[in-house]
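One structure is given here, and the rest of the page talks about it.
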């Protein structure tokens, strides 16, 4: 069974135990980990990268004015230019 992302203590214990170097999460979950009084900051000392994403918001697409999210709109996706990640 996958871990519950709202269980900050067990997530922090897992990061410390396995010396994880990468953590993905939404801002909501990362805030839970940072503000929990039972989680010590040293439990996250092995992390080198923390990637915060966001929930998919549904609003009008700027490319075609449809009500689907811009992420799912083919016209918006066609306008995106590939970006090279810094080395």
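Where a number appears in this text, it was derived from the coordinates with a stated rule and is not lab data. Since we're looking at a predicted model, the values are computed, not measured. Heads up, the Cβs are rebuilt from the backbone with ideal geometry, glycines too, and the neighbour counts pull from every protein chain shown.
From least to most packed, judged by other beta carbons within 10 angstrom and beginning with the fewest, 33, 49 follow the order 49, 33.
Neighbour counting of Cβ atoms within 10 Å sorts the residues 15, 51, fewest neighbours leading, into 51, 15.
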